[in-house]
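Nothing in this text is a laboratory measurement; each read-out follows from the coordinates by a stated rule. Keep in mind it's a predicted model, so treat the numbers as computed, not measured. Don't worry about glycine lacking a Cβ; one is built from the backbone with ideal geometry, like all the others, and counts go over all protein chains shown.
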Amino acid sequence: MFRISSRFGTFFLGAFLVVAGTCTVPVHGQTNKSPVAPNRERVEAAVREAYDKYRSDTNGKNADYIPYLAQVDSKLFGVAVVTTDNQVYELGDVKYSFSIQSISKVYTLALAMEELGFDKVFQRIGSEPTGRAFNSVLAVVDIPTHTGNPLVNAGAIATTSLIAGKNEDEKWSKILDFYSKVAGEKLVLIDEVYKSEAATNAGNKALAMLLAKYDRIYADPFESVDIYTKQCSVGVNATQLARMGAVLANNGKNPATGEQVIRAEDVPYILSTMAMAGLYDSSGSWAWHVGLPAKSGVGGGIVAIVPGKGAIAVFAPRLDDAGNSVKAQKVIEFVGDKLDYNLFSPQSVGLKK
Ligand code: GLN
């Protein structure tokens, strides 16, 4: 069934071709009209076409350096779009809660900027793409700032270390509450993911100690790694992730709750950092092919932001060599192309080809 719902009720518009068990495209929660939000039929058609085109793609493989992630069903596949006027489009496994992983880095960055201001965060972390794997030790040694940027592990652990609090619990609750405000609903830690990663995160501890050598971590290194590991283990589903993206598309205001959850002045810094480093050492190729700020996580999620319009989130666990979901990249590229979302293309602001 194709369903349109709003805060005031749910309307069924008749039969909708369902190609997968969970495969409906509900559109709900419309709160206000946005002159720039994409039109429903075009988005729905593009998402459905991409979903059908790539659903049986078996390229890539689950992350396995975190044992829990290796056993996640690699066939899971969900796509969600949330617009700045809070229209929601969903297809596939959009209710499955997966670990947010590196996408959390974006939101801890937003919280650090709120606490310290963007200038201090820039001085303490920086914003240089590393051109190296997300967990690279060599990047910490070679890059003059050592931290690189807030979206690689070293820079992210250092960003987490900026969050103030009396103790570890207070810092962690502050981060989780902030993510929940951005999602517009309470998010929780997936305990098995946390335990699995905490038991195998010697590499991240090594990065934190190396940052300590260069005075580029701002709290106890192991405490910071532990909080960072928790933030990576927060569960989100594709729709929640798309809404977290839509907040950035909507100048920091949650389109569902109307709350200003990220400071509007911070948004361009966050998005430019995502554009440069959101897909690690394949961020250049992503910018070339897709032209949207985005962030991936080894849990299989990617969220891409279309400023002023909305966000698309895709969850599919199989990753490429850089650690980015294969299907998610393909779906977002396909949809972006169909809807002229590429920010570097004049068509994105309405010029004809
Ligand atoms: N928690 C993961 C790690 O630290 C996050 C990495 C990722 O999603 N790319 O390795």
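Tabulated data for the structure shown
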read-out: Trypsin sites (Lys or Arg not before Pro) restricted to the range 178-279 and DSSP loop, no more than 13 other C-beta within 10 Å; value: LYS186
read-out: Approximate spin-label separation ALA198-GLU265, in nm, with each point projected 7 Å along Cα-to-Cβ; value: 3.8
read-out: 20 Å-binned pair-distance histogram of the chain (Cα, whole percent); value: 33, 59, 8, 0
read-out: Computed P(r) (all Cα pairs; the range 42-155; 10 Å bins; percent); value: 11, 28, 30, 26, 5
read-out: R0 of 35 Å, Cβ-Cβ distance ARG40-PHE344: FRET efficiency to nearest 0.05; value: 0.85
read-out: Viscosity 1.306 mPa s, temperature 10 °C, Stokes-Einstein D of the range 222-353 from Kirkwood C-alpha radius, µm²/s; value: 104
read-out: Rounded Å value of the spacing that divides the Cα centres of the range 243-264 and the range 53-95; value: 23
read-out: Loop-resident sites, the range 89-196, for GluC sites (Glu not before Pro), counting at most 14 other Cβ within 10 Å (DSSP); value: GLU185
